[in-house]
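Structure record follows, encoded as structure tokens.
The values are calculated or read from the model by the stated rules, or taken from the named source; none is laboratory data. Computed from a predicted model, the values in this text were never measured in an experiment. Cβ placement follows ideal geometry from the backbone for every residue including glycine, while neighbour counts extend to all protein chains displayed.
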Amino acid sequence: MTSKIFIVAEECIQLGLRAGVILFRNVQVGPASPALRSEIAAEAKALRVKFAGPQTVRSNPAVIGFREILRKVGINPSKEQPSVERLLTFALKRGELPAVNSLVDAYNLVSVRSLCSLGAHDFDRLAAPVALRLLTGTESFTPLGRNTETAVAAGEYGYVDAKERVLCRLDVLQADFSKVTASTVNPLLIIEGTAEHTPDVFRQAFAAAIELVTRYCGGTAEVICSPLALPS
């Protein structure tokens, strides 16, 4: 799947990855409102009913799908958990989700509801197109919260911009340069799943992300690429 903004390499489709993006424009990012945090708290409470504990999370088919893809590229998913698994485990332990900002908190809520992996990047700091592909090991990557580069391993998958900068290593660790901040107005939201996710799950995840982000951050939304265009 290819566009001027987002590309999914065939090698990643063969791994079982499915991904698409929404481009939001003119949003306002700030602290999450009490209404959003209340909605998150209610969802965390529901998750504690749905999942008895971490083992129940790990046995969920969607989580298994992410874990198996990590294994295929040489990653131990018990050491580097898929983002969905980490969020669900956090919710079970804390009774909430991490409080970051209105945009991140909104898409994290979509993530635990859909069991898709979501991550946003400041589109104005990127060089399009962004590609989901296997890494060569020569790309530059500065993890979130760091100011020095760290090496990436050839054969892992990741999201890379046209300047060979890794935006996100696997679905595990985002880059610092493209992070969403209060100055972000045009975020690019990636929604990732696996072949385990049905078309209906993707449709609902995209619709929910658009509704929640525009409700709590304003702005407009455009679906640039949908995973529904990829092989099932």
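So here's what we get for this one:
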{"read-out": "When residues of the range 18-31 are limited to those that are crowded, with 19+ Cβ neighbours inside 10 Å and in contact with a Gly (Cβ under 8 Å, 6 or more places away or on another chain), the one nearest to A209 (Cα to Cα)", "value": "F24"}
{"read-out": "Check on K72, surrounded by fewer than 22 Cβ atoms within 10 Å (Cβ to Cβ), free of Cβ contacts under 8 Å to residues at least 24 places away in the same chain and farther than 20 Å from A207 by Cα", "value": "no"}
{"read-out": "In the range 55-69, the residues that are touching a residue at least 12 places away in the same chain (Cβ under 8 Å) and not in a helix (DSSP H, G or I)", "value": "N60"}
{"read-out": "Lone qualifier among A99, A91, A153 - being closer than 30 Å to S59 by Cβ, of a type outside the set (F, W, Y) and crowded, with 18+ Cβ neighbours inside 10 Å", "value": "A91"}
{"read-out": "Pair list, Cβ < 6 Å and 6+ apart or interchain, from the range 25-54 residues that are outside any loop (DSSP other than H, G, I, E, B) to residues that are among the aromatic types (F, W, Y) and modelled with pLDDT of 95 or more", "value": "L36/Y216"}
{"read-out": "Looking only at the range 123-150, and only at residues there that are in contact with a strand residue (DSSP E or B) (Cβ under 6 Å, 6 or more places away or on another chain) and part of a strand (DSSP E or B), the one that is surrounded by the fewest Cβ atoms within 10 Å (Cβ to Cβ)", "value": "S140"}
{"read-out": "In the range 32-51, residue surrounded by the fewest Cβ atoms within 10 Å (Cβ to Cβ) [restricted to those that are of a type in the set (A, V, I, L, M) and under 20 Å from T89 (Cβ atoms)]", "value": "V49"}
{"read-out": "Among the residues listed as V172, V166, V130, V160, the single one being modelled with pLDDT under 95 and under 25 Å from G74 (Cβ atoms)", "value": "V172"}
{"read-out": "Selection status of K79, basic (K, R) and part of a loop (DSSP other than H, G, I, E, B)", "value": "yes"}
{"read-out": "Sole exception among (1) buried (at least 23 other Cβ atoms within 10 Å of the Cβ); (2) in contact with a helix residue (DSSP H, G or I) (Cβ under 9 Å, 6 or more places away or on another chain) for L167, by number", "value": "(2)"}
{"read-out": "Members of the range 172-212 found to be assigned to a loop (DSSP other than H, G, I, E, B), buried (at least 21 other Cβ atoms within 10 Å of the Cβ) and of a type in the set (G, A, S), listed by number", "value": "S178"}
{"read-out": "The range 84-110: number of residues that are part of a helix (DSSP H, G or I), of a type in the set (S, T, N, Q) and over 19 Å from A52 (Cα atoms)", "value": "2"}
